[in-house]
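Okay, so here's the structure we're looking at.
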Amino acid sequence: MKKILYSISVVASAMLVFGLQGCKPKNAGDATGADAASKVYVAPGKYDELYNFVSGGFSGQVSVYGIPSGRLLRVIPVFSVDPEKGWGYSEETKPMLNTSSGQIPWGDQHHLDLSQTNGEIDGRWLFANENNTPRIARIDLKTFRTSEIIEIPNSAGNHSSPFITENTEYVVAGTRFSVPMDYENGDVPIDSYKKNFKGTLSFVSVAPKDGEMKLAFQLLLPGMDFDLSHSGKGPSSGWFFFSCYNSEQAHTLLEVNASKRDKDYVLAVNWKKAEEYFKAGKGKKVKVNYAHNKYNEATHTASSTMITETTVIDVKDFPDLVYMIPCPKSPHGCDVDPTGQYIVGSGKLAALIPVFSFAKIQDAIKNKTFDGTYGGIPVIKYEAALYGEVKKPGLGPLHTEFDGKGNAYTTFFISSEIVKWSLKDLKVLDRHPTYYSPGHLCIPGGDTRKPYGKYLIAYNKITKDRFLPTGPELAQSAQLFDISGDKMKLLLDYPTIGEPHYAQAVPAELIAKNSQKIYKLEDNKNPYAALGEKQTKVERKGNEVHVNMTAMRSHLSPDNIEGIKLGDVVYFHVTNLEQDWDVPHGFAIKGNKNAELLIMPGETTTLKWVPEKVGIFPMYCTDFCSALHQEMQGYIRVSAK
Ligand code: CUK
Ligand code: CUA
């Protein structure tokens, strides 16, 4: 019991040291009501200035907001089924949720990264991670749809992802749980952690033209838990930085046993060098089994392939790939400033922020200013890598973003605030309370070479009393700040979907100019598409019945279907013939356990139905599409065998 209280007492005593004692600093810099309202007001019919892509946490999805209004524009289904979009219910989308363990209907989504060119957001793709069953998704920002998902083998708890390199060469993924490797015998005692459990850092390549992902290679490391990461840029190009905790290698009661050492590590990984070794065939080919799912825009159909091999590079055989830098008190966030010179580590239980210098890390490597090794990896001396410490910034730093004007902004979970500090002299410049404990924060472009600045959004964990109560589960809060001046100004609170972690934001014009995807009927290559009402048909293949049908304002064709028998498996392939891009149709059949459909103009979507009763079953369009939408209906007759 005494031990359990350890972390709590650390926090409490540190709060005393800082004189915080639970009370909050005054929010003197706030905009007044009218001033704040005018800054977030987007007049009816007008568009927001920025898109904000926000992780959905345990919802498994990604949500899209307009900034500064805080209006929810869309939820993009990624790792969880979504009735509103038919994601995971239509035959076309089911394969997207496939894994080596079969189809999984619900995932856990924490981090997002927008594709970059030369370290700047290029507006092409958004990458998203799934923690639980390790996966990475690529969302196409032309369609706001998930177009690819790749599973990561030899990993568990894919938390340290998906962070991308400067030119989107790789999406990087670090394992949260060390585990025995997939290609080894996993049936080992849990207390053989030190011997049998390992960590991996995976490098997933992204094809420059169409974004297709491919697991290139994995770096094998000693057992520990990776947390967050960010790519180097400018002078630190070709490097990647990861935080890790549990260098104690504990496997029980981590709250206590993984907080024993004063310092864990930030890992500096020379990925360019690793790529070189990989290309020279230095890694070891191992047998694994993981899913690679792709959505085909032309056929409107997803496919899932199982892949059975990957390359593993054991870093202890290559001493010039990875270096470890001690970082105090269970590091979490690991952020690289816009110039690429500074790496900010944030210890969850720390009362200071260490800032490491890339130039000093390089000198330390050159001069071998090491303090022994960890699992065969050189450990750079803390002072040798340190640029400096931000002293007494607050309590429990988690994540840092940058405004591009030499300032950093860090969230403090325990002291519930955002602190602005200067990269140059590491002095605290401003602090503002958040309501309540903030996790991640987002400055538009705040992890790139060119932050847009202007706004900061805090994603808070504990809502308490910010909104009208809605039963035991309260909406979590995002808070929008104006950071254009010296002092942060709180402008707006708005509720979020699921539990947001990391987020990205980008000026609207970069995305909006490409995001008016219209599927043309003539481009529809779905094998069951009926491209006009003349092509509709009902075709029987044994007990399988395929109904190629169409939807058009305001009728379904055919609208009376007979000849279906008990024991049949019926597939309704519905093509939406509309060419007005904003007229979807829906499709539902009474009693169908496989749910319903929503079909975009030009698209074909398939609903499976296994009728279990003889009788007449109504079907209809569920999406209000015209004045005669209510007339868009028909009947299906099911007869005995
Ligand atoms: S984690 Cu949530 S507050 Cu999953 Cu990025 Cu730090
Ligand atoms: Cu089609 Cu309502």
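The values are calculated or read from the model by the stated rules, or taken from the named source; none is laboratory data. Worth saying up front: this structure is predicted, and the values here are computed from it rather than measured. Cβ coordinates were reconstructed from backbone atoms using ideal geometry, including for glycine residues, and neighbour counts include every protein chain displayed.
Of the set (1) in a strand (DSSP E or B); (2) within 16 Å of ligand 2 (Cβ to nearest atom); (3) over 30 Å from TYR51 (Cα atoms), all apply to ALA530 but (1).
Restricting PRO500, PRO495, PRO507, PRO469 to those that are more than 21 Å from ARG74 (Cα to Cα), more than 16 Å from ligand 2 (Cβ to nearest atom) and not charged (D, E, K, R) reduces the list to PRO469.
Return yes or no: is ALA274 aliphatic (A, V, I, L, M) and part of a strand (DSSP E or B)?
Values: aliphatic (A, V, I, L, M): yes; part of a strand (DSSP E or B): no.
No.
Would the stretch 557-567 turn up any residue that is of a type in the set (Gly, Ala, Ser) and either within 16 Å of ligand 1 (Cβ to nearest atom) or on the phi < 0 side of the Ramachandran plot (or both)?
To start, the set of residues in the stretch 557-567 that are of a type in the set (Gly, Ala, Ser) comprises 557, 563, 567.
Restricting the remaining residues to those that are either within 16 Å of ligand 1 (Cβ to nearest atom) or on the phi < 0 side of the Ramachandran plot (or both) gives 557.
Within the stretch 557-567 (the criterion being of a type in the set (Gly, Ala, Ser) and either within 16 Å of ligand 1 (Cβ to nearest atom) or on the phi < 0 side of the Ramachandran plot (or both)), the answer is yes, since at least one residue qualifies.
Count of the stretch 517-532 residues, restricted to those that are of a type outside the set (Phe, Trp, Tyr) and either closer than 19 Å to LEU456 by Cα or surrounded by 15 or more Cβ atoms within 10 Å (Cβ to Cβ) (or both), is 7. For the stretch 533-570, a tally of residues being free of Cβ contacts under 8 Å to residues at least 60 places away in the same chain, crowded, with 16+ Cβ neighbours inside 10 Å and small (Gly, Ala, Ser) returns 1.
From the list ILE589, ILE616, ILE636, ILE599, exactly one residue is exposed (fewer than 13 other Cβ atoms within 10 Å of the Cβ) and either within 16 Å of ligand 1 (Cβ to nearest atom) or aliphatic (A, V, I, L, M) (or both). Which is it?
Working: ILE589 fails: exposed (fewer than 13 other Cβ atoms within 10 Å of the Cβ); ILE636 fails: exposed (fewer than 13 other Cβ atoms within 10 Å of the Cβ); ILE599 fails: exposed (fewer than 13 other Cβ atoms within 10 Å of the Cβ).
Exactly one residue qualifies, and that residue is ILE616.
Annotation: of all residues in the stretch 451-480 being away from ligand 1 (no atom under 16 Å from the Cβ), within 23 Å of the chain's Cα centre (by Cα) and in contact (Cβ under 8 Å) with a residue 12 or more places away in the chain, the one that is farthest from TYR409 (Cα to Cα) is ALA475. Inclusion of PHE467 among residues that are at pLDDT 95 or above and touching a Leu at 6+ places or on another chain (Cβ under 8 Å) is not warranted.
Restricted to the stretch 437-516, the set of strands (runs of 3 or more DSSP E) holding at least 1 residues that are surrounded by fewer than 20 Cβ atoms within 10 Å (Cβ to Cβ) comprises 489-495, 503-507.
When you look at TYR170, is it surrounded by fewer than 21 Cβ atoms within 10 Å (Cβ to Cβ), out of contact with any Cys (no Cβ under 9 Å at 6 or more places or on another chain), of a type in the set (Phe, Trp, Tyr) and touching a residue at least 24 places away in the same chain (Cβ under 8 Å), yes or no? No, not satisfied.
Return yes or no: is VAL188 modelled with pLDDT of 95 or more and within 30 Å of ARG449 (Cβ to Cβ)?
Values: modelled with pLDDT of 95 or more: yes; within 30 Å of ARG449 (Cβ to Cβ): no.
Here the answer is no, as VAL188 does not meet what is asked.
Filtered by the rule that a residue be part of a loop (DSSP other than H, G, I, E, B) and within 16 Å of ligand 1 (Cβ to nearest atom), the stretch 397-433 gives PHE413, ILE414, SER415, SER416.
Results for (1) farther than 28 Å from GLY107 by Cα; (2) among the β-branched types (Val, Ile, Thr); (3) more than 16 Å from ligand 1 (Cβ to nearest atom), shown as yes or no for each residue.
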| site | (1), (2), (3) |
| --- | --- |
| GLY498 | no, no, no |
| TYR502 | no, no, no |
| ILE511 | no, yes, yes |
| ILE518 | yes, yes, yes |
| GLU522 | yes, no, yes |
| ASN526 | yes, no, yes |
| VAL538 | yes, yes, yes |
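Taking interchain pairs and intrachain pairs at least six residues apart, which have beta carbon atoms under 8 angstrom, with the first residue in the stretch 608-633 and more than 21 Å from ASP580 (Cα to Cα) and the second in a loop (DSSP other than H, G, I, E, B) and of a type in the set (A, V, I, L, M)? Going by the 8 Å Cβ cut-off, the qualifying pairs are PRO611/LEU566; GLU612/LEU566; LYS613/LEU566; VAL614/LEU566; VAL614/ALA640. Residues in the stretch 565-583 that are in contact with a Pro (Cβ under 7 Å, 6 or more places away or on another chain), within 14 Å of ligand 2 (Cβ to nearest atom) and outside any strand (DSSP E or B): GLU578, ASP580, VAL583. Here the strands (runs of 3 or more DSSP E) wholly within the stretch 301-368 that include at least 2 residues being small (Gly, Ala, Ser) and in contact with a helix residue (DSSP H, G or I) (Cβ under 6 Å, 6 or more places away or on another chain) are 301-314.
Regarding GLY86, is this residue crowded, with 18+ Cβ neighbours inside 10 Å and within 16 Å of ligand 2 (Cβ to nearest atom)? Write out each step before concluding.
Details: crowded, with 18+ Cβ neighbours inside 10 Å: yes; within 16 Å of ligand 2 (Cβ to nearest atom): yes.
The answer is yes for GLY86.
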